[in-house]
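Note sheet for the following structure.
The values are calculated or read from the model by the stated rules, or taken from the named source; none is laboratory data. Here the structure is a predicted model, which is why all the values come from computation and not from measurement. Surface areas here come from the heavy atoms of the whole protein model, side chains and all, with no ligands, DNA or RNA. Shrake-Rupley method; radii C 1.70, N 1.55, O 1.52, S 1.80 Å.
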Amino acid sequence: MTENSTTRVRKTAGISPVWIVPLLALLVALWMVWQDTRGAGPTITIEVADAEGLEAGKTQVRVRNVDVGQVTEVRLSDDFSSAVAEVAMNEGTERMLNADTRIWVVKPRIGRQGVSGLGTLLSGAYIRLQPGDSKDQQFHFKALEQPPVTPQETPGRRLTLTSEGQTSVTVGDSVQYQGFTVGQVEQAEFLVDERETRYQIFVKAPYDELVTQNTRFWLQRGVSIQWNSQGLDLALGSLESLLGASVTFGVPEGQPRGDKLTGEQNFELFESLEEAKQQGYIHGIDYVVLLNESVSGLDKGAPVQFKGVRVGTVREVPLRWFPDESEEAPLKRIPILIRFEPERLRGLVANTDIESWKDRLPDLFEQGLRANIRASNLLTNTLFVDVRFYPNAQQADVAETFAGHPVMPAMASDFTRLEEKLTELMDKFNALPLEQGLSDFSGAMQSVDETAQKLESVSDSLTRIVEQPQVQQLPELLQQNLIQLKELTGSVSEGSPTRQQFNQTLNEIEQLSRELKPVIELLQEQPNSLIFSPSVEPDPEPKAYE
């Protein structure tokens, strides 16, 4: 081998010192990258309605005030409808990120619960993360517009309430049981398609055990004014209900507590305790009542009563059944839909089973059970449906149906029957020959006047006769004649027939004189006593000496 070839091999096998510096720089860079990524966790994206207060490289993500991540980028979403924040999470945070995780931005807020987030005035806003319990991992989240009212880890039960009325409940309102705050309203939304409001409430443990299948929820207002049979009822709620509204619950009086909840169950939110008591029955038998009278004053929710005991509820007034032209003439009879609720008779009857009452009611209809409407308050013209027995009621078709519902036979109300009787009486009165009767009555009165004038004339004549001196001296003359007769009879021998006849005659004359004397005295006092009955003065009553 030549010298030149040996020199060329040495140059090829050696490494130039120039490459040492780049190699060292590469190794340092790789070490720095490894050091930087060694404590890093997953990257998540958070969709927020407004990125106010969020800054890349500064805004922290916290769990119980411990930093677990940092915002690395803030940008707009692809459709520009929201903002998106990318967050670099710390190592070991993968277990916090699942489908139940809730995230919101903490900033100063003023709400019904008070003022929160004042600490962010100096430190700036931050993102709060509440870990969930789901096993489905998730890395994209939508931030809540409002912070959750109840921490996720709080023991208790979440329930869903629905309402079709105007129940003004907002997030943060309290849930109460017999005056004690046992939970809060967490969500409130109006569902356009269902036309109802849906609420999510949370009841803390151990109070969640009080919620059973027969539990009713109602709105507790600060001031409640109701008119009932006892008069005006005014009730004041708690301080919280005076400031806003609250939801309270319980089992209506007279109903069993019911079984414990085994799964999710939706409850209706009633507007008052009275409505919860009366309309809280979910089992019943629907009947249609066809009325031939006005239903003005009869509203949905009105009671159905039997002898003063509530047995049902009015569901629709009137029932809109959308007939076609082949059906019965419209508005000939007004249909209303009622629900007979046997559960209200618990403790009053032996059996409250729905099926048994479906078989029993038609027999009661044949015995004269009828429905009508009555007034519960004449001042407000409030009506209710009254069910009672009418033994003389006409036989009804118990198999009749209307708009798919069985028909409960109806009877005209008392007011309607009274009106019919008054109308019939007036018709009979109008049919009477009043003019002829008045003419005859006028003639009879004229005859009575003439008779009275004649009697008065006779009375005057008798008065003049009695006032004559001869009539007044008649008793004395009779007495004198008796004395003379006695003297005459004295001259007649004793025991003779003439003497006996004279004695008999004298006795008769003496008796006649005694009987005639009171008559003459009465004529002197009351000359018209021969025509009219004499007035008799009452016997004097014994009295103490004054």
Output wanted: per-residue J couplings in Hz (rounded whole) for region 91-98, from phi through Karplus 6.51 cos²θ - 1.76 cosθ + 1.60, θ = phi - 60°, x for Gly and Pro. 5, x, 9, 4, 5, 7, 9, 8
Solvent accessible area, Å² - Phe384, 1.4 Å probe, full protein context: 20
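Which entries in Lys204/Lys300; Lys332/Lys358; Lys277/Lys358; Lys142/Lys300; Lys58/Lys142; Lys277/Lys332 show an alpha-carbon gap greater than 31 Å?
Working: Lys204/Lys300 35 Å; Lys332/Lys358 28 Å; Lys277/Lys358 23 Å; Lys142/Lys300 43 Å; Lys58/Lys142 20 Å; Lys277/Lys332 35 Å.
Distance filter (> 31 Å) returns Lys204/Lys300; Lys142/Lys300; Lys277/Lys332.
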Please calculate the 1.4 Å probe accessible area of Trp321, with all protein chains present, and give it to the nearest 10 Å². 70
Could you tell me the center-to-center distance, by alpha carbons, between region 262-320 and region 122-173 in angstrom? 36
Taking only protein heavy atoms and a 1.4 Å probe, the highest-to-lowest accessible-area order of Arg370, Arg195, Arg310 is Arg195, Arg310, Arg370
Accessible area of Asp449 in the full protein assembly, 1.4 Å probe (Å², nearest 10): 80
Once the piece of chain linking Leu30 and Glu316 is laid out straight, how much longer is it, given 0.36 nm per residue of separation minus the C-alpha distance between them? 95.1 nm
Would you please give the residues with an amide H less than 5 Å from that of Asn98, counting only those at least 5 places away or on a separate chain, with H modeled from the backbone geometry? Gly132, Gln138
